Amino acid sequence: IVGTSRGPVGKWEEARERQDAGKRQLPSLAATGTIASLSGALAHHLEASGTCLTLSSTCASAAAAIALGASLVEAGTADVAVVGGAEAPLNPLMLGLMRAANLLGPHEEPARSCRPFDQTRNGLVVGEAGAILILESREFAMRRHARPLGRLSGWATGLSHSGKTGIDDGGEGLAGVIGRVLGQAGVAPEEVGYLNAHGTGTLLNDLAESKAIRTAFGDQSPPVSSTKPVTGHCLGATPALEAILCLMALHHDKIPPTANYLNPDPAIGLDVVHGSARAAYLEHVLSTSLGFWGNHASLLFSSI
């Protein structure tokens with residue numbers, strides 16, 4: 001079960017280019033040009049059986065895939081689920097659409113184009129990624145003598161009625177999703193040692209997300225960072241990539257910093273980790289994801 005926001009845009013572009021050039025279409029494009037090709041190709045490669053789905057909930061897609069896979073394992077429908085996401089949006093069409101929507105963050109120094117939570121932030125930088133995780137029941141993992149990296153202890157998805165944008169101004173929708181995750185896991189707000197924020201570096205998104213975090217945690221808000229200045233915003237694949245980063249934070253007891261955070265925005269009101277990685281004893285790490293049409297998701301990872 002995998003997620004994507006934009007689908008196989010490269011294959012669609014290839015088909016269009018062949019058509020415009022008067023070339024014969026490749027029969028394989030009929031299959032590889034489908035959105036389901038992402039999960040289908042992975043399942044065929046692994047010789048997997050059972051549920052096979054490609055999900056799309058904009059930039060929360062991979063989180064939705066992880067949540068659905070976890071629900072299937074929890075229900076006993078599957079012993080193991082291969083979950084994650086993939087996205088390859090670095091082509092002129094996709095970048096042109098994002099530029100038209102004023103989403104891209106220009107800067108005279110390209111490495112500083114994305115500046116989450118910084119007072120000078122003005123947009124995101126796009127990246128590409130494929131990230132896959134294995135979710136399995138404790139019993140199945142023990143039978144195959146696996147060494148788990150961590151435990152997915154809570155997950156939730158939700159929708160904010162914010163129109164086409166990703167989040168309502170006050171962040172109430174995301175705050176509710178975070179609350180459901182903590183409630184499902186039985187984890188108190190003060191037990192969360194790190195939050196990997198969606199943190200795109202856009203003006204309104206970062207502000208609304210910070211409000212959601214403060215609403216959900218009150219005075220117990222954990223240290224926060226955004227890793228998107230380094231990885232880029234990989235759209236629907238981002239939640240799976242950031243899930244892996246959360247697991248690595250748990251494993252190493254280190255919080256990754258927010259690059260390009262040089263001018264703190266006083267309206268954010270969070271402990272934004274920056275400069276260098278911060279050592280911390282971590283038992284629970286939370287990840288948040290947001291997307292167009294108000295799609296929200298949150299995942300909680302805990303140490304074993």
TODO: Can you tell me which residue among D206, D253, D219 is among the acidic types (D, E) and under 30 Å from P106 (Cβ atoms)?
DONE: D206
TODO: Given the conditions (1) at pLDDT 95 or above; (2) closer than 16 Å to L124 by Cα; (3) surrounded by 18 or more Cβ atoms within 10 Å (Cβ to Cβ); (4) not polar (S, T, N, Q), report the number of the one that V230 does not fulfil.
DONE: (3)
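Filter the range 271-298 down to the residues that are aliphatic (A, V, I, L, M) and within 18 Å of E190 (Cβ to Cβ) and list them by number. Show your work before the answer.
The initial filter retains those residues of the range 271-298 that are aliphatic (A, V, I, L, M), namely 272-273, 277, 279-280, 282, 285-286, 290, 297.
Of everything in the range 271-298, those that are aliphatic (A, V, I, L, M) and within 18 Å of E190 (Cβ to Cβ) turn out to be V273, A280, L282, V285, L286.
Specify which of the listed residues (G127, G171, G76, G163) is touching a strand residue (DSSP E or B) at 6+ places or on another chain (Cβ under 9 Å) and either within 27 Å of V273 (Cβ to Cβ) or not polar (S, T, N, Q) (or both). Lay out the reasoning, then the answer.
Details: G171 fails: touching a strand residue (DSSP E or B) at 6+ places or on another chain (Cβ under 9 Å); G76 fails: touching a strand residue (DSSP E or B) at 6+ places or on another chain (Cβ under 9 Å); G163 fails: touching a strand residue (DSSP E or B) at 6+ places or on another chain (Cβ under 9 Å).
When all the criteria are applied, what remains is G127.
Can you pull out every residue in the range 187-227 that is acidic (D, E), open to solvent by 10 Å² or more (accessible area, probe 1.4 Å) and touching a residue at least 40 places away in the same chain (Cβ under 8 Å)?
Restricting attention to the range 187-227, the residues satisfying the condition of being acidic (D, E) are 190-191, 206, 209, 219.
Now restrict to residues that are open to solvent by 10 Å² or more (accessible area, probe 1.4 Å): 190-191, 219.
If the condition is that a residue be acidic (D, E), open to solvent by 10 Å² or more (accessible area, probe 1.4 Å) and touching a residue at least 40 places away in the same chain (Cβ under 8 Å), then E191 is the only one that fits.
I'd like to know if the range 209-222 contains one or more residues that are out of contact with any helix residue (DSSP H, G or I) (no Cβ under 6 Å at 6 or more places or on another chain) and more than 23 Å from R180 (Cβ to Cβ). First the steps, then the outcome.
Taking the range 209-222 first, the residues out of contact with any helix residue (DSSP H, G or I) (no Cβ under 6 Å at 6 or more places or on another chain) are 209-211, 213-214, 218-219, 222.
If we keep only those that are more than 23 Å from R180 (Cβ to Cβ) too, we end up with none.
Checked against the condition, which is being out of contact with any helix residue (DSSP H, G or I) (no Cβ under 6 Å at 6 or more places or on another chain) and more than 23 Å from R180 (Cβ to Cβ), the range 209-222 yields no hits at all.
Give, as residue ranges, the helices (runs of 4 or more DSSP H) completely inside the range 18-131 that count at least 2 residues that are surrounded by 14 or more Cβ atoms within 10 Å (Cβ to Cβ) and touching a residue at least 24 places away in the same chain (Cβ under 8 Å). Step through it out loud before you land on a result.
Numbers: elements: 29-32, 37-46, 61-75, 92-100.
By residue number, 37-46, 61-75, 92-100.
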Task: Number of positions in the range 174-190 that are in contact with a strand residue (DSSP E or B) (Cβ under 9 Å, 6 or more places away or on another chain) and under 13 Å from S153 (Cα atoms) - done: 9
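The values are calculated or read from the model by the stated rules, or taken from the named source; none is laboratory data. What you are looking at is a predicted structure, and each value in this text was computed from that prediction instead of being measured. Note that each Cβ is placed from the backbone with ideal geometry, even for glycine, and that neighbours are counted across all protein chains shown. To get the accessible areas, we keep the full protein, side chains included, count just its heavy atoms, and leave off ligands, DNA and RNA. Shrake-Rupley method; radii C 1.70, N 1.55, O 1.52, S 1.80 Å.
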